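The values are calculated or read from the model by the stated rules, or taken from the named source; none is laboratory data. Predicted model only: the values in this text are computed from it and were never measured. Don't worry about glycine lacking a Cβ; one is built from the backbone with ideal geometry, like all the others, and counts go over all protein chains shown. The area values use the complete protein model at the heavy-atom level, side chains included, leaving out ligands, DNA and RNA. Shrake-Rupley method; radii C 1.70, N 1.55, O 1.52, S 1.80 Å.
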Amino acid sequence: MQRIIVAPSILAADFSRLGDEIDRVEAAGADWIHCDIMDGHFVDNISFGPEIVGIVRGLTNLPLDVHLMIEHADHYVPRFVKAGANSITVHVEPEAKHDVAKTLQQIRDSGCRAGLTLNPETPFDLIEPFIHKLDILLIMTVHPGFGGQPFRADQMPKVTRARSLNRKIDIEVDGGINAETAGVSIKNGANVLVAGTSIFHAKDYAKAIRELRGE
Ligand code: DX5
Ligand code: ZN
């Protein structure tokens, strides 16, 4: 049984005291820090960019897991690498406007772990050609763009399929993850839990993280 990794998404953190928020999740047992990057084109929201990721890098030694919900990811990858990313995940949809195989290689060549992700509407077939070339597969369990949306259990067959094809890969679920939906995701084969609202909107971050792990 793989150890469950918890990756709080700082999208749901209080940015007016980001340093304190990072300290608190780190003390509460977070494994990675998930950074959601949105460009207002690939998704209908704008979040933050490499400058903020660089600031987060200065606040923690935890691995920074950067999820690029942007067009032309290949153009921006070097800036996130320079900012201190440890893993970079890009989208497989044609609307992300990049050569997926080339971008994955670019990420790997830069010394980061390479991840690929897909939206709920996107068939798993698009992922299959890459499944043995990835360090991380991120399965979106909401349509990306906003935190606080309900978990889509209809995405679980993608998790099961991915796990049956590759036992070693990190399978990350992202969107609507709380104690209950974390359990469902783990049962289906996920081992990395991204959670924004259920951690940063909780009173006790350590309790929230323990509950996600099913402890
Ligand atoms: C969605 C982002 C998620 C999101 C998760 O566009 O990729 O990481 O912040 O937030 P919650 O846990 O609130 O659904
Ligand atoms: Zn994300």
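Structure summary
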| item | result |
| --- | --- |
| Neighbours by Cβ (under 8 Å, 6+ apart or cross-chain): first from the range 24-37, without any contact (Cβ under 8 Å) to a residue 60 or more places away in the chain; second part of a loop (DSSP other than H, G, I, E, B) and of a type in the set (Phe, Trp, Tyr) | Cys35/Phe48; Ile37/Phe48 |
| Subset tally (residues that are part of a helix (DSSP H, G or I) and in contact with a Gly (Cβ under 8 Å, 6 or more places away or on another chain)) for the range 83-106 | 1 |
| Filtered residues of the range 2-46 (kept if crowded, with 22+ Cβ neighbours inside 10 Å and among the polar types (S, T, N, Q)) | Ser9 |
| For Ser16: the one exception among (1) among the small types (Gly, Ala, Ser); (2) more than 16 Å from the chain's Cα centre (by Cα); (3) within 17 Å of Val142 (Cβ to Cβ) | (3) |
| Top-ranked residue in the range 114-171 [being open to solvent by less than 10 Å² (accessible area, probe 1.4 Å) and among the hydroxyl-bearing types (Ser, Thr, Tyr); ranked as nearest to the chain's Cα centre (by Cα)] | Thr117 |
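Let's see how each residue does on (1) within 15 Å of ligand 2 (Cβ to nearest atom); (2) of a type in the set (A, V, I, L, M):
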position	(1), (2)
Cys35	yes, no
Leu62	no, yes
Val77	no, yes
Thr89	yes, no
Pro94	no, no
Arg108	no, no
Gly115	yes, no
Pro123	no, no
